[in-house]
1. Any idea of the accessible area per residue across the stretch 46-199, 1.4 Å probe, to the nearest Å²?
2. Quick one: go through the stretch 139-158 and flag any residue whose amide nitrogen is under 19 Å from the point 7 Å out along the Cα-to-Cβ line of residue 183.
3. Leaving out ligands, DNA and RNA, and with a 1.4 Å probe, what % of the accessible surface on the chain is carbon or sulfur?
4. Could you work out [θ]222 nm for the chain from helices alone, using -39500 (n - 2.57) per DSSP H run of at least four and dividing by all its residues? Round to the nearest 500 deg cm²/dmol.
5. Using the Cα atoms as the points, what is the convex hull volume per residue of the stretch 1-123 in Å³?
6. Explain nothing, just the number: dipole magnitude of the chain about its Cα centre with +1 on each Lys and Arg Cβ and -1 on each Asp and Glu Cβ, in debye rounded to the nearest 20.
7. Could you calculate the contour length gain from residue 71 to residue 146, that is, 0.36 nm times the residue separation minus the distance between their Cα atoms, to one decimal place in nm?
8. What per residue convex hull volume, in Å³, comes out for the stretch 96-177 when only alpha-carbon positions are used?
Amino acid sequence: DKAFEMDMLGHPTGNDWNIPHVHHDIVEMPDGNFLALSQNDDSVEDVILEIGRENGFVEKVYDLKDILDPDRPKGPYHPDPADWMHLNGLEYDPIDDAIIASGRNQSAIVKLDRQSGNIIWILGNHEKWPEEFQQYLLTPVGEDFEWQWGQHAPMLHPDDHSRLICFDNGNERSYSNPLSPANSYSRGVEYQINETNMEVRQLWQYGK
């Protein structure tokens, strides 16, 4: 539960922070504070914390159980019944002051307003979402579009924050007709998101 800082040459700076239940990813924001993936004592990998750089305090808590639907079925499969979300990647958008988080077990990447914690959009297949979340689901447009499944590592393009790349693990790729491991494939994929129209277009993929 401790994070240590080092410089670009791998030398420790002497700075460290206690971050409760930290796992998978930590992102530093422009003001020096950190976003870190965490969990509660009674949950599994479904919480985001903002940690103050200077004081080490937990300044904000984003509990995904209160933001998304923890009862939505998992896809792809995961053996732990309690691990409904499995947060595994973080990105920060300084233009919008927003958090982008990847949930492997929901095959969804979600963008949240950092101040309010409100959902801005959800990138992922449209199956099994309750009606209250339909307004946040991005609509695919264009040709050769595929949803990501079990994804990791969302990253914004440095020059165009409408473009998002991730590693699409590709597990199963369906709730009703999952691909066998022999027929599955992973890929890198880049999407372009139009927040005004709530649309998403696939720009590029490699590995299929």
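The values are calculated or read from the model by the stated rules, or taken from the named source; none is laboratory data. What you see is a predicted model, and the numbers here were worked out from it, not measured in a lab. All Cβ positions, glycine included, derive from the backbone under ideal geometry; neighbour counts span all protein chains shown. Just the protein is used for accessible areas: all its heavy atoms, side chains included, with ligands, DNA and RNA removed. Shrake-Rupley method; radii C 1.70, N 1.55, O 1.52, S 1.80 Å.
1. Details: 6890 Å² over 154 residues.
With the other protein chains kept in place, the stretch 46-199 gives 45 Å² per residue.
2. 145-150
3. Values: 5080 of 10430 Å².
Roughly 49 percent, rounded to a whole number.
4. On the way: 1 runs with 4 residues, N = 208.
Value at 222 nm, helices only: -500 deg cm²/dmol.
5. Working: hull volume 14.8 nm³, N = 123.
Once divided by residue count, the hull of the stretch 1-123 is 120 Å³.
6. Working: 15 positive and 38 negative charges, 138 e Å.
Computed about the Cα centre, the dipole is about 660 debye.
7. On the way: separation 75, 0.36 × 75 = 27.00 nm, distance 2.44 nm.
Stretched out fully, the residue 71 to residue 146 stretch lengthens by 24.6 nm.
8. On the way: hull volume 9.2 nm³, N = 82.
Considering the Cα atoms of the stretch 96-177, their hull volume per residue is 112 Å³.
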